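To keep things clear, I will list the structure first and then write my remarks on it.
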Amino acid sequence: MKHTSVGQLLLVGVQGLELGVDEAKLLRRVQPGGFILFGRNIKTPEQLRKLVDDLRNLSLVGPIITIDQEGGRVSRLRLIGNEPPSAQQLRDKGDIELIRQHGDITGDLLRLFGFNLDLCPVLDISFDDDADNSLHGRCYGKTVEQVIRNAAAFNNALRAAGVASCGKHFPGYSAAVVDAHHSLPKIDRTREQLDREELAVFRAFAGNDSRAAKNHVVDSMMICHGWYPYFEEKKTPASLSHRVVTKLLRDELSFDGLVMTDDLDMGAIVNEYSFDEMLQLTFAAGNDLAMICHRIDKAAEALGIIEKLPRKQINRALASVAAFKSKMQPPTKFSESAFRKLDDAVWKLRVAVLGEERAAERSPENAARSPVERY
């Protein structure tokens, strides 16, 4: 490994549409392993690609550059183009070929802007399409089989296009009744219930389920901020639980890809833990990347905390990040015309799924904004 700064274990947001002098200086010093972009970072196609190139240029090791481009309301790129159909809309249409097309177009679009990881597919089952738990419209199925079939079609197409995937939100927000953006949900499920439903899906994408083809495996997993009393008697989010991250995901499900927390700036975490304690627990649990999306000014402080962690934890996580990076694909050459062509393909997909009239109803300008997409 050429560069072993422990900054490689951080996945951080950036403040705005371009890098300010002080921010660039901070990021150059910390050398984060990756960057996540949000709506606040997107204004025009050219501006977005320049920002991504600038982040790559300040990095000594090629960075992970990621985004939430799921479809529907959680589609950051709808700010500069058409909104792709959501997982639920694709599920309700019931045409697996359209889901494959969505994965293919999404992969091409992201590589055009320089992204190498998409934070999807969502692998949660929808127990209730109207539940207020942040999953509205984002689930590929109401049953284990439906989620596996549909999410696998998207996952395989995305990866074939050269963009890595991320299964989320392990071990499942399906039964949550509150949104972790605000507070820590308590998810009271028995092991039998989890094995039959939530974990049956994640098992298929972790790579050790005989029912699923090997190519269903996701490249990374995101751990959710839900408290599962079955695994942790004391109030503890899954993202900070050694029993969930290491014992369950790594040991029992044999997942050997990259493992990251969900955003550690969400209410479920900031309301419960200090910055120092949060980071210590992140790596003690067995995560490879700590995701800090909004407290960007604390990146240097985070670096100092991680440097003091047990070397065994650091080395394991650094090796995992390096292994992931060894498979990342480079961006494709950017042009406005290439973007317009792909954006037109998004519109045609939207029409194929929703019909012309419904496709025209929702636009990036008038869509309601939820905590999931606010930033």
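The values are calculated or read from the model by the stated rules, or taken from the named source; none is laboratory data. All figures in this text were calculated on a predicted structure; none of them were measured in a lab. Here the Cβ positions follow ideal geometry from the backbone for every residue, glycine too, while neighbour counts run over all protein chains shown. Note: areas computed on protein heavy atoms with side chains; ligands, DNA, RNA excluded. Shrake-Rupley method; radii C 1.70, N 1.55, O 1.52, S 1.80 Å.
At a glance:
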item	result
Selection count, region 285-300, where residues are open to solvent by 10 Å² or more (accessible area, probe 1.4 Å) and either touching a Lys or Arg at 6+ places or on another chain (Cβ under 7 Å) or of a type in the set (Asp, Glu) (or both)	2
Flag for PRO310 being at pLDDT 95 or above and either hydroxyl-bearing (Ser, Thr, Tyr) or surrounded by 13 or more Cβ atoms within 10 Å (Cβ to Cβ) (or both)	no
Number of positions in region 112-150 that are part of a loop (DSSP other than H, G, I, E, B), open to solvent by less than 20 Å² (accessible area, probe 1.4 Å) and among the polar types (S, T, N, Q)	4
Set LEU109, LEU77: member being hydrophobic (A, V, I, L, M, F, W, C) and touching a residue at least 40 places away in the same chain (Cβ under 8 Å)	LEU109
Failed item in (1) touching a Ser or Thr at 6+ places or on another chain (Cβ under 8 Å); (2) among the acidic types (Asp, Glu); (3) open to solvent by less than 20 Å² (accessible area, probe 1.4 Å), with ASP263 passing the rest	(1)
Flag for ASP22 being closer than 21 Å to ALA164 by Cα, assigned to a helix (DSSP H, G or I) and of a type outside the set (A, V, I, L, M, F, W, C)	no
Residue in region 217-237 that is open to solvent by less than 20 Å² (accessible area, probe 1.4 Å) and in contact with a Pro (Cβ under 6 Å, 6 or more places away or on another chain) present	yes
Any chance ALA212 is modelled with pLDDT under 95, buried (at least 17 other Cβ atoms within 10 Å of the Cβ) and either of a type in the set (A, V, I, L, M, F, W, C) or over 26 Å from MET328 (Cβ atoms) (or both)	yes
Subset of region 180-201 [at pLDDT below 85 and either of a type in the set (S, T, N, Q) or in contact with a Phe, Trp or Tyr (Cβ under 9 Å, 6 or more places away or on another chain) (or both)]	ALA180, SER183
3 or more residues of a type in the set (Val, Ile, Thr), over 26 Å from ALA352 (Cα atoms) and open to solvent by less than 20 Å² (accessible area, probe 1.4 Å): qualifying strands (runs of 3 or more DSSP E) within region 28-85	64-67
Residue selected from region 325-362 under the condition at pLDDT below 95 and among the aliphatic types (A, V, I, L, M), by the criterion surrounded by the most Cβ atoms within 10 Å (Cβ to Cβ)	ALA359
